[in-house]
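The values are calculated or read from the model by the stated rules, or taken from the named source; none is laboratory data. Keep in mind it's a predicted model, so treat the numbers as computed, not measured. Using ideal geometry, Cβ is built from the backbone for each residue, glycine included, and neighbour counts are taken over all protein chains shown.
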Amino acid sequence: MNVKRHLHLYAALWKNSVAREMSFKGNFILWILVEFLWFGLQLSFVSVVFSQTAAVGTWTKWQMVLLVGASNFIQQLYQAFFLTNCTNLSELVRTGKMDFLLLLPVNTRFLVSLRVVDLGAFVNALFGLCVMIFAAAKLSLHPTAMQIAGFSALCVVGILIHYSLMFILATICFWTVRAQGIVWGYYNLFNIARMPDEAFRGAFKAVFTFALPVLLVSNVPVRVLAHKISSPASWLLLIGVGLAWAVISEWFWRVSVRRYTSASS
């Protein structure tokens, strides 16, 4: 893959996304407001929980606020880069627009995955980051540069896990034509990520740790910041799961594209 060409292409896609968002400023501001209110409700949920208990497992109130902030931060960054593109894949297949993308002299998956950037999600990610900073101050946390770097790297791994899983679900449209419901179903599971992993037990915890690792995605990075990791096992698990799903995602994409016969066939 020609890296320089793809970087130039991605810059052009960014410019197109900025022009699109600025053409509908009211919608842009409204969605930021809606996401902000939803984030506020999530924080209110923490207050309700800790009005009845002093801790959830070993997680204190402000540690859980830190977790909610990190969960929102990761979710919004994922939304900024990938969500719209994954949900639009069904329409590309249904309308036959995939034909044109396959003919372009660029990596098709790159184009399908990164065509649109949701700029408002970056603003909402900033809200999550501000909450994290406030919670860290309440906890008297002073993360080192190594901890911040580790947190950032694990957030990237978490975002790529979400992308790999949702992209797999999106490519089901090559069999069913429409797959938006499945994609949005997984997106709704992101809400589980704001809960401490210690709140779950048994099969439920196993499924959402290994098969659909939404618990790992936010819990492990926050544990790095909050000094709650005593061994490298959890972050090695997150990286291992991320690599496994990335490989499966690429394989599933290649299999799925071979089934595509265009809308006119």
May I ask you to list the residues in the range 248-258 that are within 23 Å of residue 217 (Cα to Cα) and either loosely packed, with under 11 Cβ neighbours inside 10 Å or acidic (Asp, Glu) (or both)? 250
What number of residues within the range 204-230 are among the hydroxyl-bearing types (Ser, Thr, Tyr) and farther than 20 Å from residue 141 by Cβ? 1
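Would you tally the residues in the range 19-75 being of a type in the set (A, V, I, L, M), out of contact with any Cys (no Cβ under 7 Å at 6 or more places or on another chain) and within 17 Å of residue 122 (Cβ to Cβ)? Before you say what the answer is, go through the steps one by one.
Pass one, the range 19-75, residues of a type in the set (A, V, I, L, M): 19, 22, 29-30, 32-34, 37, 41, 43, 46, 48-49, 54-56, 64-68, 70, 74.
Still in the running and out of contact with any Cys (no Cβ under 7 Å at 6 or more places or on another chain): 19, 22, 29-30, 32-34, 37, 41, 43, 46, 48-49, 54-56, 64-68, 70.
So of that shortlist, the ones also within 17 Å of residue 122 (Cβ to Cβ) come out as 19, 22, 29-30, 32-34, 70.
Of the residues in the range 19-75, 8 are of a type in the set (A, V, I, L, M), out of contact with any Cys (no Cβ under 7 Å at 6 or more places or on another chain) and within 17 Å of residue 122 (Cβ to Cβ).
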Cβ-Cβ distance below 7 Å, separation of 6 or more or different chains: which pairs start in the range 4-29 with a residue that is under 16 Å from residue 81 (Cα atoms) and polar (S, T, N, Q) and end on one that is modelled with pLDDT of 85 or more and assigned to a helix (DSSP H, G or I)? 17/119
Which of the residues that make up the range 65-92 are surrounded by 24 or more Cβ atoms within 10 Å (Cβ to Cβ) and over 30 Å from residue 46 (Cα atoms)? 86, 89
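Yes/no matrix, rows are residues, columns are (1) more than 25 Å from residue 31 (Cβ to Cβ); (2) more than 15 Å from the chain's Cα centre (by Cα):
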| residue | (1), (2) |
| --- | --- |
| 104 | yes, yes |
| 108 | yes, yes |
| 113 | no, no |
| 118 | no, no |
| 122 | no, no |
| 125 | no, no |
| 131 | no, yes |
| 140 | yes, yes |
| 146 | yes, yes |
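Could you list, in sequence order, all residues of the range 17-26 that are exposed (fewer than 13 other Cβ atoms within 10 Å of the Cβ) and out of contact with any helix residue (DSSP H, G or I) (no Cβ under 8 Å at 6 or more places or on another chain)? Quick ask: steps written out before the conclusion?
Step one: filter the range 17-26 for residues exposed (fewer than 13 other Cβ atoms within 10 Å of the Cβ), giving 18-19, 22-26.
Correct list: 19, 23, 24, 25, 26.
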Is the range 50-59 home to any residue that is free of Cβ contacts under 8 Å to residues at least 12 places away in the same chain, surrounded by fewer than 16 Cβ atoms within 10 Å (Cβ to Cβ), among the β-branched types (Val, Ile, Thr) and part of a loop (DSSP other than H, G, I, E, B)? yes
Output the number of residues of the range 143-179 satisfying the condition of being farther than 24 Å from residue 194 by Cα, of a type outside the set (A, V, I, L, M, F, W, C) and either in contact (Cβ under 8 Å) with a residue 24 or more places away in the chain or in contact with a helix residue (DSSP H, G or I) (Cβ under 7 Å, 6 or more places away or on another chain) (or both). 2
Which residue is farthest from residue 163 (Cα to Cα), if the candidates are limited to the range 90-129 and must be polar (S, T, N, Q) and not in a loop (DSSP other than H, G, I, E, B)? 95
Across the range 49-67, what is the number of residues that are among the hydroxyl-bearing types (Ser, Thr, Tyr) and in contact with a helix residue (DSSP H, G or I) (Cβ under 8 Å, 6 or more places away or on another chain)? 1
Residue selected from the range 148-187 under the condition surrounded by fewer than 17 Cβ atoms within 10 Å (Cβ to Cβ), modelled with pLDDT of 90 or more and within 18 Å of the chain's Cα centre (by Cα), by the criterion nearest to residue 75 (Cα to Cα): 156
